[in-house]
Structures are given as structure tokens and as C-alpha cells.
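What follows is a short report on a single structure.
The values are calculated or read from the model by the stated rules, or taken from the named source; none is laboratory data. Because the structure is a prediction, the values reported are computed rather than measured. Cβ placement follows ideal geometry from the backbone for every residue including glycine, while neighbour counts extend to all protein chains displayed. Please note that ligands, DNA and RNA were not included when accessible areas were found on the heavy atoms of the full protein model with its side chains. Shrake-Rupley method; radii C 1.70, N 1.55, O 1.52, S 1.80 Å.
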Amino acid sequence: MFFSMHPELIQRLKAEFIPVAFNVGAPSVLGRPESQTFAGAWFRKLWETTERAPVSVPTEDWSKTYQGWYIAAPDGRAMRLFGGNFSGSLGWHPANLQRSLDAAVAYCSQNPQPRVDVPSTDPDPRDGLFAAPTTSVVLVETRVPGFTARQDPDNSAISIGGPPSKLNTRVQRDVLWIYVDEVRAIVAATRSANEEVRLPGSLTGRLVRYCLTDLLAGRSTFFPGAEDVKLSAFSARLTGKTENRASYVFAGRFSCVRPPLSRLREAPEEVGRTGTVSGEFDIDTDAMRVVRFRAYSAGQAWGGRVEGHLPLIGPRFPLAFALTEANDPLMRAMHPAAYAMVAESYRKGAAEGASVGAPGLDGADHSWSQKEVGPEALRTIAGVTVRGLPWESPLVKVGATEAGRRWLGDELVAKWEAHPASIIQPPATKPSIELLQSANGPVLAGHRVGQGMLYRMSAALRQEDTRRMQQTVEKLAAGIVREASAMPARRRIVLLALRGGPVSVKLPGAYPLYAEEAWRPSLEAGAGAGLKVQVAESLPELTAALRDPATLAILNPYGELLPTPQGKWKETAALLHDYLAKGGAWIEVHGHPFWRTLEPHGGS
């Protein structure tokens, strides 16, 4: 909006009014008509009772949108300010808005209320459209430096180039929500000063898919599909810590590309963004809130078409963002631009299946990419084949074998029995030991390879299954330890936590969050006394673990992925086969094992 970069208006709203912003004009909010949400019903009533002020557009335009400015006096009187979907109206001019605010203040002064109670808490969170008290809020401001554009004569598109554009004069604003569980994950992953940690995938995925977007002139080029994220590479480093405050620096690289949401004449074949982010933030470790955030992002954008707006035609153009903490009432009363439309995926955020990794605060490239191998790797390593069932196969009940009850215990077995699962990749090769079973075949089973064993889960896990799978790994590790009593030399369990590795797995219907701080406690609990749990953060460390006769078991949380140097998956498969044949164990959390390789960029 034209007024959006006028600090006088913003400061006045904060000082003299209780500001609220709400996207009630959308066809639906969180999948419900706006009239069925608490705030939506409130705004609709306000709209119906508002005095219609004279405006510089036809009166019928008021019936087409709720968009606009309103003032609600304490006595319930509604005074609508200029609004509607008409950016050329003088109603948006800062001077006009100041006069309207003056009139509202004058009315309230002439009609004083005996008492007005203003809640000290955040706005009503019943619809999930306001920041919860535990949620940290970051202001995201966008500008296109040096941008010029013109509207085509036939009104079919906006072409880059030509005379200076109003798009270049505006600063657009959005907010980024950081949830308390993400803040906890950052703090939990930090063990020592100057140690690099990966930012939660839900946070970085949300940032690149929904926040570092071209909001100019309404072109909210969100990236609704996780597959649209081609690169999401972020890491942070602890730089200072006091009794209740932790300070970090962070950096990231990102790239997103998707097809246009609709095809028009000369519309670009794709919409994309690429760029870098760098900055710093402070966490209040008592409240688990981000209390300071400073970051800058610069990059390029191309395309830019959403329904109801003209496409941008032309070359790539620069795009810049500034991000700062925003925990004042005005910003907390706003929800992110994407939230009302994609609430569920906004909360999850994760860039599933993308090439993800740490950007290298040390200057190195720690990002990874994936390449499909197919069933050959699993056959090479363990002589096992998988029977693929349709992704849309119905959920089936999971039960335990006698061995499964011994290994997992009645309490954990009862949890599996209470949750039907999608068993779509059961083994076609008969397992050596079966712990969980279903009508579609083995669910959790082990396949003998020489003296060792490959354990795998054939269910497509959902996000809500993650904790149950972690508990299962705990019991599985304990069982492996018991079975290995004849091999006292093997006293080490290794967790794969590759630096810059994936934060989630791209499988239809599956969403197991990967995080070292989640899997490691389960391994340590299962390993018991006398065993050491070690983390492998690089391919050399994984290779060393495979060759070390002290390695009892390796947990691979990257479902379907085989970490390997570039172009050398057969050598890695042979090394893994040899490790198993000599008595080692390998645990796959789900999916078709080793279907794709996970290879570092640059060969490092």
C-alpha cells in the first residue's frame, strides 16, 4: 500500500489505536468461509454496520470486497475509512488517512467512555490467525531496487523495462512466524560456542517458500509445492551465551522454481527466485523466544503470476529483503500473507526433497543433491527386493509377532496396533526376523547379510508417527545389543547426521522430521551402559564407521537415501555390504532403502 512506508502513520497507529489486520476478503480462511471464523464474523458485522464514507470510486465497488480501513469506537460505532480494491484512489494517500484518523480521535474525545478494558494478552487465537504468545514474530520488508515496468497497451501483462514504476517506490511488508518448538530445537542442538548447527527445516522451508517472496503489487509468488524448492541451505553458529540469552549468526542460500499458476499470452514458463540470506538473532532461553533478529537477503526473481494479477514479462530483476524482530502489538496482530491460504503447510514449512544443507559459514559448500538409482543398490547391498504397492492403498492394521513383542514390549506394540499405517513398500524377499506385520506384508523386519542384519520399516510414516518410530528405534537398538553379545568388540552405535544433510524426506504421505536431537536420545537409551553413541557428520566419518570393527549399528534417518561420494554409489554399496557381512547392523527408518543417492556438491 502507498502509505506502508510512512513511519508517521505507523507510529500513530501504535500509539493511539489498537491495530488489527485480517485477510477476511479471501474466499476462505483455514478452509472455512470467513463468516465461520471468529474474526471473520466480527469483521463482517463491522462491515455491515459501517457508515459508508464518500469515496472516489463507484459505490458498487464497496460490495465487492471487505478490503479497506475501519475504525471501531469503544461504544461500538463503526467508521469505515477509504478502501476497496482501487489502488489509484486518493483514499490511500497518507494525508487523507491522517485526516480520517483525526476525525476518529475527535469523535472518541467528544463521546468519552467511562472505562475501556484492553486485554494485555495477544488477540484471540481461536482461529490460529494471530501469533500465539509463544510465537516469535519477524517483520519481512521487500523492495525491488532499480525496477522499472510498464503495463501493456492491451492490459494483458506488465513488462519489465520502460519508465520508473510505482513498484519501485514501495516497501512491502509481511511477517514470519517462528514457533516455539523450532526455537527449542535450535537451543537443544547447540552444544558449544562457535559450533555450527542446522536451522530447523520447518523454519527454513517456511522462509524460502512463503516469506522471501515477491509481494509487490500483489504478486505473492508463494511456492506451494515442496518440490518447487531446489536449494535450501542454511546453518547457524553460536557466538555468545549468558544465563538466559544465546546469540547466533546464520547464513543461507536458496533457489525456488515453479510453473506459472495459470498460462496467459507470453506468460513466462516458470516463476522463480534465487538468492542468499545472512544475519544474526538472539534467543531468550528462558522464554524460548527470538528477541532480536537482523538479516538481509538479496537475489533475483523472474516470472510472477498469481490469479487476479497480471504476469511480469521480461528478464530477471533484483529483489531485496530486510528482516527484523517485530514483537509489538501491531505486528503480532497480523498473520503472514500465506497463512490463511496454506495454514497447514506454512506450519510445517519444510523443503522436502530439496537439495538442502549448510551454506558454509566457514566458506565451504556443505549442500547435497539426490540422484535416482532404483532397486539395484538394495539388491547389491543385501540381496533384498521390495514389493511396491499403490500410494493410495488404504491404511491397514499393524500387529506384532511373538519376536516383536519380546523386542518392543507390550506398551509400544499397543501404540502401533492403535494406528493403522500405509504399508506400501513391504519386502518381496522373506525376512530373517519379522517384528511388526500387516495384511500387506512385513512392517518392521530384519534381513540377514552374512553375520549382520539390515533392519527396515516398510510403512510410510507421517509426522505424527515420528515419536513412535523413535521409540521403536530405542527398542530395536536394545535388541541389537542383546543379539550382539557374542561380538563384544562391537561397542559403538553411529547416528548419521550429515552436515547440511536433509531435514525431511520426500515421500508421498510421509513426513518424518529428521533432527539429531530427536533420534540421539532414543539411540542412547536403547544402547545402554557400556556402549557409545557417535554421530557421523561427513562421508569420511561414515566410511570410517563402516570400516571400524567396533561399529555395532548405524542408523540412517534419511529414508531411501544412500550417502555417497559423487558417482561412487557402487563403491559405497560394496563397503556397506562388507560391513554387514562382518556382523554390523544397519537401520532404515522407512521407504525403499537406497533408492536414491545423497551426494555432496563439489565432491567434498
Taking the range 421-441 and the residues there that are over 30 Å from PRO549 (Cα atoms) and modelled with pLDDT of 90 or more, the one that is most open to solvent (accessible area, probe 1.4 Å) would be ALA439
Residues of the range 559-604 being part of a helix (DSSP H, G or I), hydroxyl-bearing (Ser, Thr, Tyr) and under 32 Å from the mean Cα position of the chain (by Cα), in sequence order, are THR572
Filtering helices (runs of 4 or more DSSP H) wholly in the range 370-460 for at least 1 residues that are under 17 Å from GLU588 (Cβ atoms) and of a type in the set (Asp, Glu) gives 376-382
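Residues checked against (1) open to solvent by less than 10 Å² (accessible area, probe 1.4 Å); (2) modelled with pLDDT under 85; (3) not aromatic (Phe, Trp, Tyr):
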| position | (1), (2), (3) |
| --- | --- |
| ALA527 | yes, yes, yes |
| ALA573 | yes, no, yes |
| LYS582 | no, no, yes |
| PHE594 | yes, no, no |
Being farther than 20 Å from ARG468 by Cα and either in contact (Cβ under 8 Å) with a residue 12 or more places away in the chain or open to solvent by 10 Å² or more (accessible area, probe 1.4 Å) (or both) narrows LEU555, LEU598 down to just LEU598
Of those in the range 281-308 that are over 18 Å from THR142 (Cα atoms) and open to solvent by 60 Å² or more (accessible area, probe 1.4 Å), the residue modelled with the highest pLDDT is ARG292
